1. Tell me, what HN-Hα J-couplings in whole Hz come from the Karplus equation 6.51 cos²θ - 1.76 cosθ + 1.60 at θ = phi - 60° for each residue of the stretch 26-39, using x for Gly and Pro?
2. Grab the stretch 34-114 and count how many Lys pairs have their alpha-carbon atoms under 25 Å apart, sequence gap of 8 or more, or different chains.
3. Find the centroid of the Cα atoms in the stretch 79-114 and in the stretch 1-55, then give the distance between the two in whole Å.
4. Write out the GluC sites (Glu not before Pro) in the stretch 13-114 meeting two conditions: DSSP loop, and at most 11 other Cβ atoms within 10 Å of their Cβ.
5. I'd like the trypsin sites (Lys or Arg not before Pro) in the stretch 63-100 restricted to DSSP loop residues with at most 15 other Cβ atoms within 10 Å, sorted by number.
6. For the chain, give the magnitude of the charge dipole about the Cα centre (Cβ charges: +1 Lys/Arg, -1 Asp/Glu; no others), in debye to the nearest 20.
7. Can you list the HN-Hα couplings for the stretch 62-78, worked out from phi with the Karplus curve (6.51, -1.76, 1.60; θ = phi - 60°), rounded to whole Hz and with x for Gly and Pro?
8. Of the options 30, 14, 52, report the single residue whose Cα projects farthest towards the positive end of the charge dipole of the stretch 10-64 (beta-carbon charges: Lys, Arg +1; Asp, Glu -1).
Amino acid sequence: QVRLVESGGGMVQAGGSLRLSCISYGTSHGLNFMAWYRQAPGKERELVATITTNEVTNYADSVKGRFTLSRGDTKKTVFLQLNSLKPENTAVYYCDARVYGVTWGQGAQVTVSS
């Protein structure tokens, strides 16, 4: 059974950076399509970024130019680099592979103070 484990969250001041990681355990070759979502307190979960089989990335307008989604040497790990963080980026960040029937991981808490 495949499971996703996120890490790298933390608390930073506005303007700071964090690098989130998501490892897919239980796969032999990783997962071709991955996404990152986030859920802020009191809000619905929203899409942040995606990466496709052909390594094409797409981002929500609110994070373009500040966040970067990439893969590790194998497709078992994806990263989300968060730069120029703002207080409104405070949320729990989740990697997503529901297209493969994989359930959500526990998420990584990102807290940005002003």
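Each reported figure results from applying straightforward, stated rules to the coordinates on display, with no laboratory input. This one's a predicted model, so the numbers in the text were calculated from it and none came from an experiment. Cβ: placed from backbone, ideal geometry, glycine included. Neighbour counts: every protein chain shown.
1. Ordered by residue, 3J(HN,Hα) equals x, 10, 8, 10, x, 10, 5, 9, 9, 9, 10, 10, 9, 9 Hz.
2. 5
3. 5 Å
4. On the way: sites: 44, 46, 55, 88; in loops: 44, 55.
Passing both the DSSP loop test and the Cβ count: 44, 55.
5. Details: sites: 64, 66, 71, 75, 76, 98; in loops: 64, 66, 75, 76.
For trypsin sites (Lys or Arg not before Pro) across the stretch 63-100 that sit outside H, G, I, E and B with at most 15 neighbouring Cβ atoms in 10 Å, the list reads 64, 66.
6. Numbers: 12 positive and 8 negative charges, 19 e Å.
Dipole about the Cα centre, nearest 20: 100 debye.
7. Karplus-based 3J(HN,Hα) across the stretch 62-78 equals 5, 10, 4, x, 10, 10, 9, 9, 8, 10, x, 4, 10, 7, 7, 10, 10 Hz.
8. Highest projection toward the positive end goes to 14.
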